[in-house]
Amino acid sequence: MRILMTGAGGPSTEAILKLWSPKHELFFTDAKIDSITPQVSSDKRFFVPYATDEQFLQSITNLTKRLQIDILISQVDEELPIIAGNKKLFNPTLLLIPDENFINLFLNKLQSGIKMNENKILEPGTKVLNNESKFEGLPVIFKPCFGRGSRSIFHAETQEEFEALKNYLLTQEELFITQQKIHGDEYSVQVLANSRGILKGITPILIKGKRGSTTSGVVSNNSEVIKACLNFHEVFKTSGTYNIQLMLNKDQAYIFEVNPRVSTTMCVSLFGGSDPVDIYFDSGIEENIKFLLEGTKLQRHWNHTFSMNGN
């Protein structure tokens with residue numbers, strides 16, 4: 001199949017190219033085309049503007065048609081609601097992203113936290129930051145209600161730190177939320193479902209190193225982590241592949257964020273044989289869930305390229 005992946009300036013492109021190119025013809029886009037690994041040949045890499053650009057939708061739909069793309073996979077949060085909300089414009093290209101309602105809910109960290117709490121899914125007490133917000137004696141994390149990655153995240157351990165951060169963040173244009181800071185083991189979990197939303201794969205990765213995205217991790221099929229993901233999918237059933245981020249404290253798994261898209265750790269699922277494309281087209285109605293071999297490890301390394309005269 002001919003697959004187009006956006007956001008290809010991220011750390012997973014090199015691995016995806018290596019693991020998927022024997023099966024599929026791969027194409028990649030990014031708003032910063034030079035950030036795509038040079039292992040992607042020049043005829044397989046394309047510029048597409050940021051999702052905030054009014055030309056984004058026209059650019060990405062034109063590209064899918066020109067390249068006769070079978071499957072489009074977006075790795076960029078800001079693109080997801082635009083792509084999902086204009087599904088018909090991409091026909092006959094298949095959009096391998098979660099359902100539109102799922103995307104819109106989980107791009108909003110406040111509303112998704114409230115919904116998880118209402119459905120008795122353990123989450124770290126997500127609340128909106130406002131003038132009435134008070135320090136309750138426990139360490140707190142401040143983060144934007146919208147936005148991806150580890151951007152604009154702040155921590156408060158004391159009353160004084162809480163008040164100082166609160167006063168500063170309430171002057172910003174962005175809406176912020178607070179969550180209890182949970183100590184424990186952090187997991188990045190790839191959850192894979194078929195076109196009917198039937199769960200077919202769970203890949204829990206215990207994070208060992210992180211610099212914005214995961215740099216080192218190991219597959220750990222912890223029963224409490226798996227149970228939390230099973231319960232989550234039962235409530236928020238969707239087709240496609242998405243990512244759950246959680247903290248495991250003793251025997252309690254707190255889901256602190258859900259990315260309604262593939263994550264940079266999708267390559268671990270691919271390596272272990274849990275392929276999101278194969279799973280999407282698996283028409284089985286039973287939950288025959290695939291788990292990867294315990295201890296499967298991911299380690300990322302830096303690569304450098306050099307050129308003369310900026311060429």
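The values are calculated or read from the model by the stated rules, or taken from the named source; none is laboratory data. Given the structure is predicted, the values throughout are model-derived calculations rather than measurements. As a convention, Cβ positions derive from the backbone with ideal geometry for all residues, glycine included, and neighbour counts pool all protein chains shown. What goes into the accessible areas is simple: the full protein's heavy atoms, side chains included, and nothing from ligands, DNA or RNA. Shrake-Rupley method; radii C 1.70, N 1.55, O 1.52, S 1.80 Å.
In terms of accessible area, using a 1.4 Å probe and ignoring ligands and nucleic acids, 50, 254, 242 rank largest first as 50, 254, 242.
Can you flag which of 200/237; 109/227; 115/143; 127/181; 120/227; 109/181 are past 20 Å Cα-Cα? Intermediate values should be presented prior to the final figure.
Numbers: 200/237 12 Å; 109/227 22 Å; 115/143 18 Å; 127/181 13 Å; 120/227 13 Å; 109/181 15 Å.
Distance filter (> 20 Å) returns 109/227.
For the chain, the solvent-accessible area works out to 50 Å² per residue, with a probe of 1.4 Å and every protein chain left in place. Which residue, 74, 239, 133, has the most motion in a Gaussian network model of the chain that connects Cα atoms within less than 10 Å? For the chain, modelled as a Gaussian network with Cα springs under 10 Å, the answer is 133. In units of the compact-protein estimate 2.2 N^0.38 Å, segment 99-238 shows a Cα radius of gyration of 1.14.
With all protein chains in place and a 1.4 Å probe, the accessible surface of the chain carries 50 percent carbon and sulfur. Computed over segment 188-310, the range of Cα coordinates on each principal axis works out to 56, 37, 25 Å, biggest value leading. Using C-alpha pairs below 8 Å separated by at least 6 residues, the relative contact order for segment 1-95 is 31 percent. Under the combined filter of DSSP loop state and at most 14 neighbouring Cβ atoms within 10 Å, segment 184-229 retains these trypsin sites (Lys or Arg not before Pro): 196. Once backbone amide H atoms are built at 1.01 Å from N, residue 181 has 140, 141 as its partners under 5 Å, excluding neighbours fewer than 5 places away on the same chain.
Counting only alpha carbon atoms, the long axis of helix 159-169 and the longest principal axis of the chain meet at about 50°.
Calculate the FRET efficiency for residue 175 and residue 86 from the Cβ-Cβ distance with a Förster distance of 35 Å, rounded to the nearest 0.05. The value I calculate is 0.85.
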